[in-house]
Amino acid sequence: MSDAYEVPIRDESIRLGQFLKLANLIESGAEAKEVIADGLVSVNGEAEFRRGRQLHVGDIVEIAGASARVTREA
């Protein structure tokens, strides 16, 4: 998991569906809904099925071998 790239957010938290788009891990909200429903997304190593899951600084999202860490915007 140390190969996760950092993706800064402005607020205290961000919804999983929004983060997937922000991190360029998916193309659209519709794609987010599909990959999450299919169990292809994990948060901190555990499968996540809720598109509205609130992510916070330090959380790591993985999909299709790519990892992104939520960080604070400078």
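The values are calculated or read from the model by the stated rules, or taken from the named source; none is laboratory data. Because the structure is a prediction, the values reported are computed rather than measured. Backbone-built Cβ (ideal geometry, glycine too); neighbour counts: all protein chains shown. Side chains included, ligands, DNA and RNA excluded: accessible areas come from the protein's heavy atoms. Shrake-Rupley method; radii C 1.70, N 1.55, O 1.52, S 1.80 Å.
Quick one: putting +1 on the C-beta of Lys and Arg, -1 on the C-beta of Asp and Glu, what dipole do you get for region 1-40 around its Cα centre, in Debye to the nearest 20?
Values: 4 positive and 8 negative charges, 29 e Å.
Here the size comes out at about 140 debye.
Which value, in debye to the nearest 20, describes the size of the charge dipole of the chain about its Cα centre when Lys and Arg Cβ atoms bear +1, Asp and Glu Cβ atoms bear -1, and nothing else is charged? Please list the in-between numbers first.
Working: 9 positive and 13 negative charges, 48 e Å.
With Lys and Arg at +1 and Asp and Glu at -1, about 240 debye.
Would you mind computing the Rg to Rh ratio of the chain from its alpha-carbon coordinates, Kirkwood style for Rh? Before the final figure, lay out the partial values.
Details: Rg = 10.9 Å, Rh = 11.9 Å.
With Rh from the inverse mean 1/r over Cα pairs, Rg/Rh is 0.92.
Measure off 7 Å from each Cα along the Cα-to-Cβ vector at D11 and S67, then give the distance between these two points in nanometres to one decimal.
A separation of 2.7 nm, rounded to one decimal place.
Using 0.36 nm per residue of separation minus the Cα-Cα distance, give me the extension gain between V57 and A74 in nm, one decimal. Mind dumping the intermediate values first?
Details: separation 17, 0.36 × 17 = 6.12 nm, distance 1.24 nm.
Here the segment from V57 to A74 would lengthen by 4.9 nm.
Using θ = phi - 60° and the Karplus relation 6.51 cos²θ - 1.76 cosθ + 1.60, list the HN-Hα couplings for region 35-52 in order, rounded to whole Hz, with x at every Gly or Pro.
5, 5, 4, 7, x, 8, 10, 10, 10, 6, x, 10, 4, 10, 10, 10, 5, x
Can you give the relative contact order of the chain as a percent, counting alpha carbon pairs under 8 Å and 6+ residues apart? Working shown, then result.
Working: 126 pairs, mean separation 30.2, N = 74.
For the chain, the relative contact order is 41 percent.
At 0.36 nm per residue, minus the direct Cα-Cα distance, what do L22 and F49 gain on full extension? Give it in nm, one decimal, please.
Details: separation 27, 0.36 × 27 = 9.72 nm, distance 1.84 nm.
Result: 7.9 nm gained on full extension.
I'd like to check one number: the per residue accessible area of the chain, probe 1.4 Å, reported in Å² as a whole number. Walk me through the numbers on the way to the answer.
Details: 4490 Å² over 74 residues.
Heavy-atom accessible area per residue stands at 61 Å².
Given H placed on each backbone N at 1.01 Å, which residues far from R72 in sequence or on other chains put an amide H within less than 5 Å of it?
Answer set, sorted by chain and number: I9.
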